[in-house]
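See structure below.
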Amino acid sequence: MDDIKQSVLNIETLGHIDHGKTSLTKALTGVWTDKHSESIKRNMTIKLGYADTVIKKCEKCPEPEAYTVSDTCPKCGGPAKPVIRVSFLDAPGHETLMATAIAGASVIDAVLFVIAANEPCPMPQTKEHLMIINLLGLKNVIIAQTKIDIVGKEKALESYRQIKAFVKGTVIEDAPIVPVMTNKGVNIDVLLQSILELPRPKRDVDADPLMYVVRSFDVNKPGADTSKLVGGVIGGTIVKGEFKKGDEIEIRPGINVSKDAKKDDYKPVITTIRAMNNGTEDIDEAIPGGLIGISTGIDPTFVKADNLVGNVVGHTGKLPEAKSLISIKYSRIARDDIPEQSLHEGEALIMGVGTATVVGYVKKTKKDKADIELKHKVCIDKGEKIAILRNISQRWRLTGYGMLQ
Ligand code: ZN
């Protein structure tokens, strides 16, 4: 597997709303990560917003000017050679969706933390996102200071000092701060160089493969000739191991076959990998990194409209058991806007498990341990982190996480 064909880094973009995350992602990838856009959907941009880019280097120009995402060097016009492929995940700002970001932690290698110079630092979501970075222990962080062109030098420097003070004493105290002018393309090369300098994660490719399903869809056009129908496509991110074209795979917990709307009866699905795609081209084998689309033999009606999101994929018989009763160790996030409160019996929770979001009820609790009954079965392994949202003053708030016991 080379560094161009499959992404070597999954970089999550975080930051306060309107601080320029999406524009910056567009400048770095050429893709507008708008989750409502049909064309992006075709490009397999997931709910979180997912886009790949290949960082290229001009061999004639000095660093950092040599770095670009174009095929030709913007400085000298000469050819730029591909170095690595990276993936950007544009996390949603909405709090209830933060659970997905936390649950996706095992697929995040680095963070591009976007902070705008035209507002005081920290803004509420900036604060919240630093809390998540801290919680997940993400150390590979680059801070992009945006909108410097609309504030002028004095204010940009003042903003820089505020950012420095804000991150002091946290895991990202020493993170590089790169001021950028997204629209004018100023310092994008420096940002690309910082990304290239990030440590590469070690991929466990020898383990039994495991993929989280983040998208599932029917690629057939409505009314298509039934003899020409193609099986359902699942899009996901591989956490460990390797999948090969032709592999027999199992999807768990699978499809709900219950005729009773009030009851769940999930049956695992066994199928074959007919083809795989990295978002731009077909590939025969896939390891962790970026988003992978798998073409299967599943009846497309079962996969349409993200029906399989929240499932996990592995080799047949090698996946964790699907459970509806789990035991967790609860860790509270220290946040000053929510009173400290332990979980109580009978309380309803929203939980982010892998890419699944499920409702759970606290059955029993003792100190920081709790037994929770889930409304739907999930596949999860010991030691995995589950994001926990609690209903506080009529709002679902992210209050902590549970470690599966
Ligand atoms: Zn050049």
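So if each residue of separation counts as 0.36 nm, and I subtract the Cα-Cα distance between Lys259 and Lys245, what length gain in nm does that give?
1.6 nm
Per-residue HN-Hα couplings for the range 280-285, Karplus 6.51 cos²θ - 1.76 cosθ + 1.60 at θ = phi - 60°, whole Hz, x for Gly and Pro?
10, 8, 6, 10, 8, 9
How much net charge surrounds Lys364 when only other residues with a Cβ under 14 Å from its Cβ are counted (Lys, Arg +1; Asp, Glu -1)?
0
For the ranges 121-128, 288-295, what's the packing order if you count other beta-carbon atoms within 10 Å of each residue, average per peptide, and put the highest first?
Going by the mean number of other Cβ atoms within 10 Å, highest first, we get 288-295, 121-128.
Using θ = phi - 60° and the Karplus curve 6.51 cos²θ - 1.76 cosθ + 1.60, what whole-Hz ³J(HN,Hα) does each residue of the range 112-129 get, with Gly and Pro shown as x?
Values, residue by residue: 9, 9, 9, 10, 7, 7, 8, 10, x, 10, x, 7, x, 6, 4, 5, 4, 6 Hz.
Let me have the 222 nm mean residue ellipticity of the chain computed from DSSP H runs of 4+ only, each contributing -39500 (n - 2.57), with the sum over all residues rounded to the nearest 500.
Roughly -4500 deg cm²/dmol at 222 nm, from the helical runs in the chain.
Magnitude of the Cβ-charge dipole of the range 210-315, K/R +1 and D/E -1, about the Cα centre, nearest 20 debye?
With Lys and Arg at +1 and Asp and Glu at -1, about 320 debye.
Based on the alpha-carbon gyration tensor of the chain, what equivalent-ellipsoid semi-axes (square roots of 5 times the eigenvalues) come out, in whole Å, largest first?
35, 29, 17
Given the Cα-Cα distance of Lys221 and Ile17 and 0.36 nm per residue of separation, how much length would full extension add, in nm?
Extending this stretch completely gives an extra 69.9 nm.
Can you list residues from other chains, or at least 5 along the same chain, whose modelled amide H is less than 5 Å from the amide H of Thr272?
Ile249, Gly297
Please list, in chain and number order, the residues 5+ apart from Cys73 or on another chain whose amide H is under 5 Å from its amide H, with Hs placed from the backbone.
It is Gly78, Ala80, by chain and number.
Explain nothing, just the number: dipole magnitude of the chain about its Cα centre with +1 on each Lys and Arg Cβ and -1 on each Asp and Glu Cβ, in debye rounded to the nearest 20.
660
For the chain, what's the relative contact order in percent, using C-alpha pairs closer than 8 Å and at least 6 residues apart?
Result for the chain is 15 percent.
Each reported figure results from applying straightforward, stated rules to the coordinates on display, with no laboratory input. What you see is a predicted model, and the numbers here were worked out from it, not measured in a lab. Ideal geometry is used to build each Cβ from the backbone, glycine not excepted, and the neighbour counts take in all protein chains shown.
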